[in-house]
Amino acid sequence: MDPQELEALVGSIQKGDANQYTRIVKAFQQPIFRYCYRLLANRQDAEDAVQDILVKAYQSLYQYKRSDHFSAWLYRIAYNHCMNLLRKRRMHNQVMRIFRPETVSASPEHELDSRLYKPSLATALSQLTLEERNLLILRVFEEKTYAEIGEILKTSPNALVKRMIRIKKKVRKSMKTKEESLWNEPNITMNTKI
């Protein structure tokens, strides 16, 4: 959906044509799901989040101003919703550790992630702050331009470029450190014939 068509659609919904909102849901449901899934790292949480975000957007649609781009406005709602969920999850995990200090087995999703992704990369990404991870997801996985991300995060594109450079350096350094430590462990033996 091109931006002019989207703005016209939003305008008609704001004027009372609520049935047109299904077109917005169809257009944004998958991209918002991918974004939430990458932030939350849990399929069920991401599915629930998408529903909540689209309902919040509908309820707040009268607050939307055409000076913003609708997709940036929607991603901002998604970002804030996911950050709140992650904060609640972190608090819940801290409370659960107090009451149940024994080790909990990894979830099937966590095990799959550990098989699919290189351990050093997973470790590097886990060391990023939520804001750094969000910027990385928007830029790399959602393929947003710095201008689009700037609208979403209400930050200048130039500042985002500089932050992205720092994030890349941080990830590379962390991956290098992790890989070096794996090779330096005495229990690791190479089973190759050279």
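The values are calculated or read from the model by the stated rules, or taken from the named source; none is laboratory data. The structure presented is a predicted model; accordingly, all values stated were derived computationally and were not measured. Ideal geometry is used to build each Cβ from the backbone, glycine not excepted, and the neighbour counts take in all protein chains shown. SASA here: full protein model, heavy atoms, side chains in, ligands and nucleic acids out. Shrake-Rupley method; radii C 1.70, N 1.55, O 1.52, S 1.80 Å.
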What do you get for trypsin sites (Lys or Arg not before Pro) in region 21-66 restricted to DSSP loop and a cutoff of at most 15 other Cβ within 10 Å of the site's Cβ? Lys65, Arg66
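Count charges around Leu160 for me, please; just the other residues with Cβ under 13 Å from its Cβ, Lys/Arg as +1, Asp/Glu as -1.
Neighbour charge sum, excluding Leu160 itself: +3.
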What nm distance separates the two modelled labels at Ser67 and Asp2, each placed 7 Å from Cα along Cα→Cβ? 2.6 nm
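What is the sum of charges around Glu142, taking Lys and Arg as +1, Asp and Glu as -1, for the other residues whose C-beta is under 11 Å from the C-beta of Glu142?
+2
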Provide the solvent-accessible area of Asp45, counting protein heavy atoms only and rolling a 1.4 Å probe, rounded to the nearest 10 Å². 60 Å²
At 7 Å along Cα-to-Cβ for each site, give me the label-to-label distance between Thr22 and Lys176 in nm. 5.5 nm
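Holding the Cα-Cα limit at 26 Å, pick out from Lys56/Lys170; Lys65/Lys162; Lys26/Lys170; Lys88/Lys168; Lys65/Lys144 the pairs that are longer than that. Please report the intermediate quantities before stating the final value.
Working: Lys56/Lys170 35 Å; Lys65/Lys162 29 Å; Lys26/Lys170 37 Å; Lys88/Lys168 28 Å; Lys65/Lys144 21 Å.
Beyond 26 Å between Cα atoms: Lys56/Lys170; Lys65/Lys162; Lys26/Lys170; Lys88/Lys168.
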Not counting ligands, DNA or RNA, and with a 1.4 Å probe, what is His69's accessible surface area in Å² rounded to the nearest 10? 90 Å²
Quick one: 3J(HN,Hα) in Hz for region 65-81, Karplus 6.51/-1.76/1.60 with θ = phi - 60°, rounded, Gly and Pro as x. 10, 5, 5, 8, 8, 4, 5, 5, 4, 5, 5, 5, 4, 4, 4, 4, 5
So, R0 is 41 Å and r is the distance between the beta-carbons of Lys168 and Lys15; what FRET efficiency does that work out to, to 0.05? 0.35
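What does the net charge come to around Leu85 if you take all other residues with beta carbon closer than 14 Å to its beta carbon, with K and R at +1 and D and E at -1? Before the final figure, lay out each step's value.
Values: positive: Arg38, Arg43, Lys56, Arg87, Lys88, Arg89, Arg90, Arg133; negative: Asp45, Glu47, Asp48, Asp52.
Its environment carries a net charge of +4.
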So what J values fall out for region 22-32 if you push phi through Karplus, 6.51 cos²θ - 1.76 cosθ + 1.60 with θ = phi - 60°, rounded to Hz, Gly and Pro as x? 4, 5, 5, 4, 4, 6, 10, 4, 5, x, 5
